[in-house]
Amino acid sequence: MSTHRQNFHLTWRRWLRDTVEGMALMGAAEQTRLSWAQPVRSVEEIPQAYRGYLRDHLPDLAACLPAVLTPTFRGFLRRENEKLVFIHAENLYILEQTATGLLPVILPILEINSIEVGTILLKAWLRINGLIDGRLTSLTLKYNTVTQFLFDPLVAHLRCTLSGAERSREAFALSGAERSRRAKADLYQERLKFDPLREHHFKFRSYARRSLLESEHVIDYLMQTEMRAPRLSVWGHAMTMRTIETAHLCILTDRELIVIRDDPASLQSCNETRYGGVWDYLPLSRVQSAALEERADGLALTLRLPGDDRFEVMFSSASRLEVERLCAQLQAGLPIHR
């Protein structure tokens, strides 16, 4: 065995031994906490490793608050770099601790093409696609699902900023309490539109209801059950099936396209219902065009986004009329891109 290969095996064994010993010293609860994101609400809570950069690039340290510190998953087999995440001056900042030092990423909010939030059991992530200096960039944050509440305000801020929704003069004339009452009443009425899903798609109905922002209006939606095709057939009978597309709900509002779907990697319960879900939010202000494409397995609703970015949703050919209706309404709601 070569010296290089021997060193590699020694390094691997040492790392595996240290990892296993480290996990053995920690209880299950302590290991789980290492996957939690942490809130940073005061200047005193900002880790020292980030303060130098913040002092040099922000008016003061408090300008980054509130912020979220993503976990390293220390003690787990797969490690992540710690990241400090916050919004300042309509930019999304992600400051990452790497082996070579601090790596800052600054993404203008108005250059975001899509926002993806996934939660499957205790696994959760936030993925953002957008343009930085004209180049398409994808950023992913991973954390435990129990700390999803720390990212919800950040996601809501991004969605509201991207929608560019402005309140009417009548709304500005109302008191704060009256605006809040009307917004809640409007949201309640919009959520009622998903009630037809109650009997056969209760999970997606619940996900749809909680995905709406206040003052957001539902134009149309279309539910697609899981699409499968035979993988192996014997004497005309399907022995095994392959998944073409998991079940998903496509919601068109006056601000964005929301796609809620099952993740193909998620586990299934005894009734074949998949755990968790994935939410994709695409602001209409970033969609350059929408079209339907014929595929061997069905119809693909294809969206073209800045930076040669694309987003696709598959539907069964049996739902052609509904898909064409949804596509036409989506095209009518798009801004004119020069």
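The values are calculated or read from the model by the stated rules, or taken from the named source; none is laboratory data. What you see is a predicted model, and the numbers here were worked out from it, not measured in a lab. Every residue, glycine among them, receives a Cβ derived from its backbone with ideal geometry; neighbour counts consider all protein chains shown.
Taking Val105, is it modelled with pLDDT of 95 or more, in contact with a strand residue (DSSP E or B) (Cβ under 9 Å, 6 or more places away or on another chain), over 16 Å from Leu305 (Cα atoms) and crowded, with 17+ Cβ neighbours inside 10 Å?
When the stated conditions are applied, Val105 does not pass them.
Return yes or no: is Ser114 at pLDDT 95 or above, of a type in the set (Gly, Ala, Ser) and either farther than 30 Å from Asp262 by Cβ or not assigned by TED's automatic domain parsing to the domain that holds Ser211 (or both)? It is true that Ser114 is at pLDDT 95 or above, of a type in the set (Gly, Ala, Ser) and either farther than 30 Å from Asp262 by Cβ or not assigned by TED's automatic domain parsing to the domain that holds Ser211 (or both). Which residue is surrounded by the fewest Cβ atoms within 10 Å (Cβ to Cβ), if the candidates are limited to the range 252-284 and must be modelled with pLDDT under 95 and hydroxyl-bearing (Ser, Thr, Tyr)? The qualifying residue surrounded by the fewest Cβ atoms within 10 Å (Cβ to Cβ) is Ser269.
Restricted to the range 142-230, the set of helices (runs of 4 or more DSSP H) holding at least 3 residues that are modelled with pLDDT of 85 or more and not polar (S, T, N, Q) comprises 152-163, 176-192, 202-211.
The single condition among (1) in contact (Cβ under 8 Å) with a residue 12 or more places away in the chain; (2) in a loop (DSSP other than H, G, I, E, B); (3) in contact with a Phe, Trp or Tyr (Cβ under 9 Å, 6 or more places away or on another chain) that Val105 does not satisfy is (2).
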